[in-house]
Amino acid sequence: MFYRLIRFIFRAVFGILFRPKIIGSENLPTTGGFILAANHVSNWDPPVLATFIEREVFYMAKEELFKNAVFASAIRKLHAFPVKRDSADKNAIKTAVKVLKGGGCLGIFPEGTRSKTGKLGKAESGVSLIAAMTKAPIIPAAIINTDKIFSAETKFPRLAVVYGKPINFSGSSKDKDALATFAQDIMAEIAKLKIVGENLTK
């Protein structure tokens, strides 16, 4: 109930202020677990990525966000769970696997942190590992202009989210080279979608 209420509010606010263009919604599975993997340039990215789809999205969120009890309670109700950055957090991976095997949608930013320049960075292999462990398809996605929200340049930029076609990892979870290569393949797909989104907002 809380999740749906917040999603409704965000849809109304984003729709009025930022006139978002949403492309590729037909690529999102209506049932079963899948990974939603996107670029990351702003703290606005998680709600923007999830607001315009019907499936509820579960996110890994840096553990620092859970230090405040009130805020932690709120984001847990929005399906966020903590992850220790700069380490292989087994508990976070276990939770992610549980979400996917339970038929949920897992939101991941493969770069692991926000880009300060807006350019795509190198992906970490965590997204590939989770895909290998669950056989869940990955939906690449590009989020456009969230870094410009309330900026000095423009307060209310035109937003866009482009969801791509599903891709799958067929290798072994123990093959580090294959995991790393597939993570970069995901970023290559995101890069293509990013171009589409940028053209939509010109």
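The values are calculated or read from the model by the stated rules, or taken from the named source; none is laboratory data. Owing to the predicted nature of the structure, the values given are computational and were not obtained by experimental measurement. Heads up, the Cβs are rebuilt from the backbone with ideal geometry, glycines too, and the neighbour counts pull from every protein chain shown. The protein model used for the area step is the full one, side chains on, heavy atoms only, and it has no ligands, DNA or RNA in it. Shrake-Rupley method; radii C 1.70, N 1.55, O 1.52, S 1.80 Å.
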*Divide by every residue of the chain the summed helix terms, -39500 (n - 2.57) for each DSSP H run of at least 4, and state the resulting mean residue ellipticity at 222 nm, rounded to the nearest 500 deg cm²/dmol.*
-12500 deg cm²/dmol
_Long-range HN-HN contacts of Gly107 with modeled amide H, under 5 Å_ = Leu36, Phe58, Tyr59, Met60
*Take the alpha carbon gyration tensor of the stretch 61-113, find the square roots of its eigenvalues, order them as a ≥ b ≥ c, and report rounded if a/c is under 1.5; if not, report prolate when a/b exceeds b/c, else oblate.*
oblate
*So what are the ³J(HN,Hα) numbers for the stretch 157-172, from phi and the Karplus equation (6.51, -1.76, 1.60; θ = phi - 60°), rounded to whole Hz, Gly and Pro as x?*
x, 6, 9, 8, 10, 10, 9, x, 6, x, 10, 10, 9, 10, x, 8
_Relative contact order %, the chain, counting alpha carbon pairs below 8 Å whose residues are six or more apart_ = 29
*Can you list the HN-Hα couplings for the stretch 137-147, worked out from phi with the Karplus curve (6.51, -1.76, 1.60; θ = phi - 60°), rounded to whole Hz and with x for Gly and Pro?*
x, 10, 9, x, 8, 10, 10, 10, 6, 5, 6
_Less than 15 Å Cβ to Cβ from Ser170, Lys/Arg counted +1 and Asp/Glu -1: what total charge do the surrounding residues give?_
-1
*How big is the gap, in Å, between the Cα center of the stretch 112-186 and the Cα center of the stretch 28-101?*
13
_Among [x] 25, 20, 17; [y] 30, 22, 16; [z] 29, 18, 18, the entry that matches semi-axes √(5λ) of the Cα gyration tensor in Å as calculated here_ = [x]
*Within straight cross-link reach of Lys116, meaning Cα distance under 20 Å, which aspartates and glutamates are found once same-chain residues fewer than 8 apart are removed?*
Asp45, Glu64, Asp86, Glu124, Asp147, Glu153, Glu198
*Using a cut-off of 12 Å between beta-carbons, work out the net charge of the residues near Phe2 (Lys and Arg +1, Asp and Glu -1, Phe2 not included).*
+3
_List Met60, Met1, ordered by accessible area with a 1.4 Å probe, largest first_ = Met1, Met60
*Rounded, prolate or oblate (a/c below 1.5 giving rounded, otherwise prolate when a/b exceeds b/c) for the stretch 9-67 by Cα gyration tensor*: oblate
*Among Arg19, Arg7, what's the order by accessible area (1.4 angstrom probe), most exposed first?*
Arg19, Arg7
*Once amide H atoms are placed 1.01 Å from N in the peptide plane, what residues at a sequence separation of 5 or more from Asn39, or on another chain, have their amide H within under 5 Å of its amide H?*
Ala141, Ile143
*What's the local net charge at Glu64, with K and R +1, D and E -1, over the other residues with C-beta under 11 Å away?*
+3
_If I require 15 Å or longer along the helix axis, counting alpha carbons, and a Kyte-Doolittle average no lower than -1.0, what helices from the chain are left? Use full DSSP H segments._
2-18, 90-101, 176-200
*How much accessible surface does Arg55 have with a 1.4 Å probe, in Å² rounded to 10?*
40
*Within the chain, which is the longest segment containing none of the GluC sites (Glu not before Pro) that sit in a DSSP loop and have at most 12 other Cβ atoms within 10 Å?*
55-152
